[in-house]
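Trainee: To start, I am sharing the structure in question, which I have written as structure tokens.
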């Protein structure tokens with residue numbers, strides 16, 4: 001049997017302040033690490049959940065985003081007539097020809113502006129996005145200069161609240177409703193009637209066509225037909241994949257920056273743990289010598305000190321994760337570098353992030369404690385017993 | 001001198017030296033002697049005479065340079081590090097001048113430590129520890145931490161720890177060196193009982209002639225060499 005766990009725990013408790021400070025250092029690193037992963041996950045979740053797997057987004061083949069895409073009316077008509085398109089009530093084809101433009105709006109309580117995406121939708125636009133619900137006011141009426149704003153936009157931009165007016169496209173638009181899109185990317189958009197918007201911005205072309213499939217398993221056939229049609233220069237993607245790809249650049253940036261930052265910080269925390277553990281060994285040389293004399297083996301000593309530093313790491317991991325979990329109450333907004341428009345998203349904690357952060361904390365503890373533990377295990381018994 | 005066939009410790013031409021920088025300092029030169037089973041022997045001598053080194057060699061926490069060192073029939077110089085640890089756990093009980101108790105463990109837990117290296121169950125360990133603490137007169141101090149005990153009480157805990165796993169030899173390095181006269185007498189009385197009633201072989205290093213008198217045999221070391229004196 002190894003050195004009793006109570007011996008290890010009580011030694012940590014005896015040195016309360018040192019233990020807490022060391023674990024606190026590791027907790028901060030775990031906090032940064034977990035927060036960054038939560039941010040990346042929040043972004044990914046927001047954009048991935050924006051898309052529905054039954055919907056298909058058709059854009060110009062070379063365009064990565066709707067902003068860059070152009071689809072003329074003839075091409076739109078061909079896409080709309082594809083046999084895979086689902087029909088809704090009253091035999092309405094579930095397609096939405098959409099046009100997106102970016103406008104600059106001033107944030108509430110500041111003079112700073114940001115790009116906001118205006119989406120012109122067809123009558124069926126909202127039917128294709130069941131997660132979008134009007135939470136205040138009413139749905140816009142086609143043929144009028146009416147708009148509805150996502151809740152993230154309504155809260156944060158001047159003129160975007162219900163009953164307020166926005167001026168763009170050389171017209172005044174009235175916000176008649178606020179919609180909640182379930183924390184997806186649509187929450188960061190303003191929607192209007194597609195024909196009114198195209199007139200206002202003098203645009204003869206659509207940006208994208210969204211269609212709901214009657215059978216999602218036929219996607220490959222639809223894609224092949226659209227992409228193989230010589231009259232079309234268009235590409236088709238499942239909506240969920242289309243939005244997931246939009247999160248890639250920003251998500252990668254957050255991940256690399258976060259991992260690099262945590263990596264640098266962790267060096268400091270590991271050195272902190274190492275100093276603590278070396279001090280712990282130095283203070284207990286006589287105890288180590290005694291334990292060895294009593295018959296405990298080197299690996300008993302090694303594992304006792306490694307366990308001690310792993311506990312330090314675990315305590316740091318738990319504190320860091322508890323702190324990071326509070327970040328779920330915050331929402332941040334930033335420019336999505338692929339659509340060049342404002343995107344609001346939250347910090348999302350999931351079990352994978354908890355496990356990764358905790359393992360990260362344990363690894364920091366293990367690395368920090370390794371050399372001191374090896375030193376402790378290799379002390380000469382006779383020399384240790386003299387160290388009274 | 002005991003008969004080598006009955007000797008629990010058999011030492012022949014034993015030498016030990018330490019390196020101090022570039023220099024080699026001889027500590028023990030050609031020591032030959034036996035300790036009979038069940039003996040209570042005191043090793044005396046001035047500081048630096050090598051008595052603690054000899055004790056460490058017999059206890060298996062240090063290795064000789066040359067010579068024969070058999071303890072309980074085992075040539076311990078030939079054992080590996082790990083084998084030596086197991087051998088110490090089974091055969092040697094240690095009593096130190098400064099008690100060397102774990103400050104974060106209670107008296108009970110300190111005494112229990114050597115038993116953690118045995119296959120005994122918790123219940124068996126508990127019974128043995130309680131009995132050992134009763135034997136050293138500390139049945140009412142089991143849950144006390146070392147800092148809550150006097151020096152004499154701490155040394156009694158250390159003695160209970162030394163004999164708890166029923167080793168054949170107890171080695172004591174200045175066991176009364178840090179104690180007042182009364183406490184020292186109590187400790188020596190316990191050691192005497194362990195020798196007489198439990199037939200433990202006790203090897204005690206001491207500076208104190210009064211303590212040495214408790215032993216049945218006194219050996220003097222002087223500059224690494226052994227004199228015989230009774």
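Trainee: If we keep just the residues of the range B:95-142 that are more than 13 Å from every other protein chain (Cβ to nearest Cβ) and not in a helix (DSSP H, G or I), which is nearest to residue A:16 (Cα to Cα)?
Mentor: B:142
Trainee: Okay, next question. Return the only residue of A:283, A:300 being surrounded by fewer than 18 Cβ atoms within 10 Å (Cβ to Cβ), within 14 Å of chain B (Cβ to nearest Cβ) and under 29 Å from residue B:97 (Cα atoms).
Mentor: Working: A:300 fails: surrounded by fewer than 18 Cβ atoms within 10 Å (Cβ to Cβ).
Exactly one of A:283, A:300 is surrounded by fewer than 18 Cβ atoms within 10 Å (Cβ to Cβ), within 14 Å of chain B (Cβ to nearest Cβ) and under 29 Å from residue B:97 (Cα atoms), namely A:283.
Trainee: Next question, about the same structure. Do we find that residue B:71 is more than 8 Å from chain A (Cβ to nearest Cβ) and modelled with pLDDT of 95 or more in this structure?
Mentor: Against the criterion (more than 8 Å from chain A (Cβ to nearest Cβ) and modelled with pLDDT of 95 or more), residue B:71 does not qualify.
Trainee: Just to verify a result, which residue in the range B:7-37, among those that are part of a loop (DSSP other than H, G, I, E, B) and exposed (fewer than 13 other Cβ atoms within 10 Å of the Cβ), is farthest from the chain's Cα centre (by Cα)?
Mentor: Here the answer is B:22.
Trainee: Next up: Hey, could you check the range B:144-153 for residues that are within 13 Å of chain A (Cβ to nearest Cβ) and in contact with a helix residue (DSSP H, G or I) (Cβ under 8 Å, 6 or more places away or on another chain) and say which is farthest from residue B:188 (Cα to Cα)?
Mentor: Among them, the one singled out is B:145.
Trainee: Which of (1) within 8 Å of another protein chain (Cβ to nearest Cβ); (2) surrounded by fewer than 21 Cβ atoms within 10 Å (Cβ to Cβ) does residue B:79 not meet, given it meets every other one?
Mentor: (1)
Trainee: Quick one: which strands (runs of 3 or more DSSP E) lie wholly within the range A:128-195 and hold at least 1 residues that are within 26 Å of residue A:93 (Cβ to Cβ)?
Mentor: Of the strands (runs of 3 or more DSSP E) lying wholly inside the range A:128-195, those with at least 1 residues that are within 26 Å of residue A:93 (Cβ to Cβ) span A:133-137, A:146-150, A:171-180, A:189-193.
Trainee: It is to be established whether one or more residues within the range A:183-200 are surrounded by fewer than 14 Cβ atoms within 10 Å (Cβ to Cβ), assigned by TED's automatic domain parsing to the domain that holds residue A:81 and free of Cβ contacts under 8 Å to residues at least 40 places away in the same chain.
Mentor: no
Trainee: Continuing with the same structure: Which residue out of B:133, B:101, B:120 is in contact with a helix residue (DSSP H, G or I) (Cβ under 8 Å, 6 or more places away or on another chain) and modelled with pLDDT under 95? I'd like the intermediate steps shown before the answer.
Mentor: Details: B:133 fails: modelled with pLDDT under 95; B:101 fails: modelled with pLDDT under 95.
Exactly one residue qualifies, and that residue is B:120.
Trainee: Of the numbered conditions (1) under 27 Å from the mean Cα position of the chain (by Cα); (2) surrounded by fewer than 16 Cβ atoms within 10 Å (Cβ to Cβ), residue A:56 fails exactly one; give the number of that condition.
Mentor: Failed condition: (2).
Trainee: Within the range B:38-70, can you find the residues that are assigned to a strand (DSSP E or B) and in contact with a helix residue (DSSP H, G or I) (Cβ under 6 Å, 6 or more places away or on another chain)?
Mentor: Passing the criteria: B:40, B:42, B:43, B:44, B:69.
Trainee: In the set A:270, A:288, which member is within 14 Å of chain B (Cβ to nearest Cβ), modelled with pLDDT of 90 or more and surrounded by 18 or more Cβ atoms within 10 Å (Cβ to Cβ)? Can you show your working first?
Mentor: On the way: A:270 fails: within 14 Å of chain B (Cβ to nearest Cβ).
Just a single option satisfies the conditions, and that option is A:288.
Trainee: If I filter the range A:339-349 for residues that are farther than 26 Å from residue A:266 by Cβ, surrounded by fewer than 18 Cβ atoms within 10 Å (Cβ to Cβ), in contact (Cβ under 8 Å) with a residue 60 or more places away in the chain and within 14 Å of chain B (Cβ to nearest Cβ), do I get at least one hit?
Mentor: Within the range A:339-349, none of the residues are farther than 26 Å from residue A:266 by Cβ, surrounded by fewer than 18 Cβ atoms within 10 Å (Cβ to Cβ), in contact (Cβ under 8 Å) with a residue 60 or more places away in the chain and within 14 Å of chain B (Cβ to nearest Cβ).
Trainee: Here is a follow-up. Six or more apart or on different chains, Cβ under 6 Å: which pairs go from a residue in the range A:232-254 that's on the phi > 0 side of the Ramachandran plot to one that's at pLDDT below 85? Could you list them?
Mentor: Final answer for the pair search is none.
Trainee: Out of all the residues in the range A:88-126, which are assigned to a loop (DSSP other than H, G, I, E, B), in contact with a strand residue (DSSP E or B) (Cβ under 9 Å, 6 or more places away or on another chain) and surrounded by fewer than 17 Cβ atoms within 10 Å (Cβ to Cβ)? Let's see the steps before the verdict.
Mentor: Going residue by residue through the range A:88-126, those that are assigned to a loop (DSSP other than H, G, I, E, B) are A:88, A:92, A:94, A:108-112, A:122-126.
Pick out the ones that are also in contact with a strand residue (DSSP E or B) (Cβ under 9 Å, 6 or more places away or on another chain) and you get A:88, A:94, A:108, A:112, A:122-126.
Result: A:88, A:108, A:112, A:123.
Trainee: Check every one of the helices (runs of 4 or more DSSP H) wholly within the range A:1-82 and list those with 2 or more residues that are within 14 Å of another protein chain (Cβ to nearest Cβ).
Mentor: A:5-14, A:16-50
The values are calculated or read from the model by the stated rules, or taken from the named source; none is laboratory data. Bear in mind the structure is a predicted one, so any value in this text is a computation, not a measurement. Note: ideal-geometry Cβ built from the backbone for every residue, glycine included; neighbour counts use all protein chains shown.
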